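Single-structure report; data block below.
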Amino acid sequence: MMSEPETPLLEARGISKTFNGVVRALDGVNLAVRRGEIVGVVGENGAGKSTLMKILVGVYPPDEGTLFYLGKRIPFPRNPKEAARRGVSIVYQERGIIPHLRVYQYLFLGHEARYTKLLRLQTKEMKKQAEEVLKEFHIECDAGCLMGDLSLSLQKMVEIARAILTVRLEVGNNDVTPIIILDEPTAPLTVEEREKLFQDLLPMKSGASFIFVSHIIPEVMRFADRVYVLREGRLVGHYDLSQERVTEEDLFRAIVGRESSEYLRKPTLEREVVSDEIILSAVGLTRNGCYYDVSFDLHKGECIGLFGPAGSGKSEILRTLGGLLSFDRGSLTIKKQIAKPNEMPPIRLCRGIGYFSGETGKELFLNWPVAKNISIVNLEKVLRRILPVIHFGAERRMAERVAQKLRIRVPHVHVDCYSLSGGNKQKVSVGRWLERNPEILLLEDPTVGIDVGAREDIYEALLTMKRAGLAMILVSDDPKEYSILCDRVMFIRDGRVQETMNAEEFRKIMGVG
């Protein structure tokens with residue numbers, strides 16, 4: 001028998017789960033969590049990560065498997081409340097906050113009965129204990145603040161504190177070591193907010209253990225103690241990062257089952273020659289309160305990155321170019337034609353500018369099938385010549401062509417987009433522009449929140465379009481994304497261009513590639 005310090009706090013063995021008697025989501029998966037560690041769980045969309053987490057918190061029952069707590073076999077929880085009584089809670093990727101609640105109200109949500117006397121809520125006592133909790137976890141905010149007024153990183157930290165507090169209250173023992181599942185906690189955060197979250201999270205390991213589900217390989221390798229890799233419902237890798245020499249490429253290979261493409265493993269130092277043709281020119285572009293005196297030329301086949309911290313003005317510049325925002329001063333020339341300050345997106349689209357972001361909820365009609373989402377920006381390709389009606393055969397063939405090129409995992413192109421994984425939704429979005437073939441494509445966080453395999457497929461499609469002459473402008477929170485796609489990077493701070501450098505200089509400064 002293992003000694004007490006080595007005995008896992010929680011251990012799951014041989015977990016299997018099938019849906020509808022057909023879809024094998026998990027097949028004999030093992031996972032263990034010890035005291036005071038962060039355990040990473042990685043895999044592509046559909047690998048079984050979410051199913052495994054939902055089994056651990058009682059959302060789904062497993063078909064097979066056993067569960068142990070400190071070496072003693074226990075039944076699987078039947079619901080999240082029962083899981084919390086056993087020390088396990090979850091913080092989902094989607095923001096689980098209630099914006100209009102105060103911090104102390106949110107922390108004790110669902111446990112108000114403990115603070116009720118003579119039918120009156122003892123708010124002073126709640127605030128006092130909330131302040132003690134915030135102090136314990138080094139969360140720098142006032143217990144009386146509205147949740148909606150906090151930064152995203154602070155909101156996430158309060159969510160984590162609430163998960164730990166829920167375990168303590170359900171167990172009735174502050175000495176218990178909670179196991180908190182963090183499902184893609186950094187997906188909606190900027191680089192600065194991610195760093196702040198982890199710097200606040202690491203000290204919490206002294207009193208809690210964490211299961212960290214993420215698509216961001218560098219984050220997992222930097223902050224996790226051990227990593228489990230799932231692929232198609234099976235456990236295909238387990239690494240102790242404190243004992244083994246593991247590279248990003250090793251983890252990528254385990255996740256997707258193939259080598260990373262050359263440009264992702266080692267970005268080429270010699271970029272393809274960019275055309276001399278200027279396709280877009282901005283001179284002194286200014287939007288008061290957002291950015292000032294922004295000037296640059298974009299050449300055919302070139303990708304320019306706008307890089308800077310949150311609030312730097314980079315996103316507002318991009319949205320102005322796409323017609324989502326107007327500008328107050330300066331000039332914008334697109335294909336040698338002057339653009340008006342308040343032109344709307346349809347006009348910019350007619351000028352050859354497309355806009356693609358990682359927010360699939362805004363990009364796609366989720367209740368529409370894949371085929372319609374692709375054809376909606378390519379109607380001229382699917383309309384019959386004589387009557388202005390859609391040729392459904394042409395629409396289907398176009399969607400199937402896009403699905404094949406981008407490896408979109410879908411049973412058929414008439415399935416609704418809401419049922420697709422995040423990565424496949426992103427591929428549908430970029431596939432529309434692959435067919436549309438605009439002359440300029442604006443990219444805002446194009447791969448946020450998706451797995452490494454889907455991300456690489458999207459990079460490959462964008463670079464193929466770039467080699468064919470597509471010009472791109474990128475805004476992202478991932479420095480590696482700039483190193484893969486961009487020829488030049490403009491550093492934006494406080495709404496002004498501070499410096500412009502080529503891709504090689506950017507990689508050296510940022511330490512990527």
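The values are calculated or read from the model by the stated rules, or taken from the named source; none is laboratory data. This one's a predicted model, so the numbers in the text were calculated from it and none came from an experiment. In this analysis, Cβ positions are derived from the backbone assuming ideal geometry, glycine residues included, and neighbour counts consider all displayed protein chains. Accessible surface areas use protein heavy atoms only, side chains included; no ligands, DNA or RNA. Shrake-Rupley method; radii C 1.70, N 1.55, O 1.52, S 1.80 Å.
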Task: Mean residue ellipticity (222 nm) of the chain, computed from DSSP H runs ≥ 4 via -39,500 (n - 2.57), nearest 500 - done: -9500 deg cm²/dmol
Task: Net +/- balance of residues flanking Met221 in space, Cβ distance below 10 Å, scoring K and R +1, D and E -1 - done: -2
- [ ] Provide the packing ranking of 439-448, 72-81, i.e. peptides ordered by the mean count of other C-beta atoms within 10 Å per residue, highest first.
- [x] 439-448, 72-81
Open item on the list: If packing is taken as the average number of other Cβ atoms within 10 Å across a peptide's residues, how do 354-367, 105-118 rank, most packed first?
Closed with: 354-367, 105-118
Task: Rounded FRET efficiency, nearest 0.05, which uses the C-beta distance separating Ile347 from Lys205 and R0 of 51 Å - done: 0.45
Task: Given charges at beta-carbon only (K, R positive; D, E negative), |dipole| of the chain in Debye - done: 1440 debye
Open item on the list: I want the local charge near Glu170. Using Cβ-Cβ distances under 15 Å, sum +1 for each Lys or Arg and -1 for each Asp or Glu among the other residues.
Closed with: +4
Task: Computed over the stretch 57-146, Kirkwood Rh from alpha-carbon pairs, angstrom - done: 15.7 Å
Task: Peptide ranges 33-39, 388-394, 492-498, 179-185 listed from the most packed, as the mean C-beta count within 10 angstrom indicates - done: 179-185, 33-39, 492-498, 388-394
- [ ] Over the stretch 367-441, with every protein chain in place, what whole percent of the accessible area is carbon and sulfur at 1.4 Å, could you tell me?
- [x] 54 percent
TODO: Just check the stretch 247-398 against the gyration tensor rule for me: Cα atoms, a ≥ b ≥ c as the square roots of the eigenvalues, rounded for a/c under 1.5, and otherwise prolate or oblate depending on whether a/b exceeds b/c.
DONE: oblate
- [ ] Consider a paramagnetic label point 7 Å from the Cα of Leu366 along Cα→Cβ; state which residues of the stretch 53-83 have an amide N under 20 Å from it.
- [x] 54
Task: J(HN,Hα) series, the stretch 481-494, from Karplus relation 6.51 cos²θ - 1.76 cosθ + 1.60, nearest Hz, glycine and proline x - done: 4, 5, 5, 7, 9, 8, 9, 9, 10, 9, 7, 10, 8, 6
Open item on the list: Using a 1.4 Å probe on the protein heavy atoms, what percent of the accessible area of the stretch 132-235 belongs to carbon and sulfur?
Closed with: 48 percent
Open item on the list: So if I place +1 on the C-beta of Lys and Arg and -1 on the C-beta of Asp and Glu, and nothing else carries charge, what would the dipole magnitude of the stretch 146-250 be about its Cα centre? I want it in debye, nearest 20.
Closed with: 240 debye
TODO: Among the GluC sites (Glu not before Pro) in the stretch 51-95, which ones are in a DSSP loop with at most 10 other Cβ atoms within 10 Å of the Cβ? Mind listing them?
DONE: Glu94
Task: Rounded to 10°, Cα long-axis angle of helix 152-171 versus longest principal axis of the chain - done: 20 degrees
- [ ] Work out the FRET efficiency for Lys81 and Lys336 from their Cβ-Cβ distance, taking R0 = 51 Å, and round it to the nearest 0.05.
- [x] 0.20
- [ ] Return one whole number: the accessible area per residue of the chain in Å², for a 1.4 Å probe.
- [x] 47 Å²
Task: Computed E for Ile390/Ile509 - FRET, C-beta separation, R0 45 angstrom, nearest 0.05 - done: 0.35
Task: Which of Ile484, Val382, Gly431, positive extreme of dipole for the stretch 382-513 (C-beta unit charges) - done: Val382
Task: Antiparallel bridge percentage (DSSP; both residues within the stretch 420-513; nearest 5) - done: 55 percent
Open item on the list: Restricting to bridges with both residues inside the chain, how much of the DSSP beta-bridge set is antiparallel, in percent to the nearest 5?
Closed with: 55 percent
Open item on the list: What distance in nm lies between label points placed 7 Å from Cα along the C-beta direction at Thr500 and Lys405?
Closed with: 3.0 nm
Open item on the list: For the stretch 385-491, which trypsin sites (Lys or Arg not before Pro) pass both filters: DSSP loop (anything but H, G, I, E, B) and at most 11 other C-beta atoms within 10 Å?
Closed with: Arg385
Open item on the list: Which one, Met472, Ala399, Ile450, is farthest towards the positive end of the dipole of the stretch 392-513 when Lys and Arg carry +1 and Asp and Glu -1 on their Cβ?
Closed with: Ala399
- [ ] Report which label in (1) 23.5, 79; (2) 56.6, 151; (3) 25.0, 79 holds the value of Rg and Dmax of the Cα atoms in Å derived from the coordinates of this structure.
- [x] (3)
TODO: Kindly express, to the nearest 10 degrees and within the range 0 to 90, the angle between helix 191-201's C-alpha long axis and the longest C-alpha principal axis of the chain.
DONE: 10 degrees
- [ ] Could you tell me what fraction of 2.2 N^0.38 Å the Cα radius of gyration of the stretch 1-71 comes to, as a two-decimal ratio?
- [x] 1.17
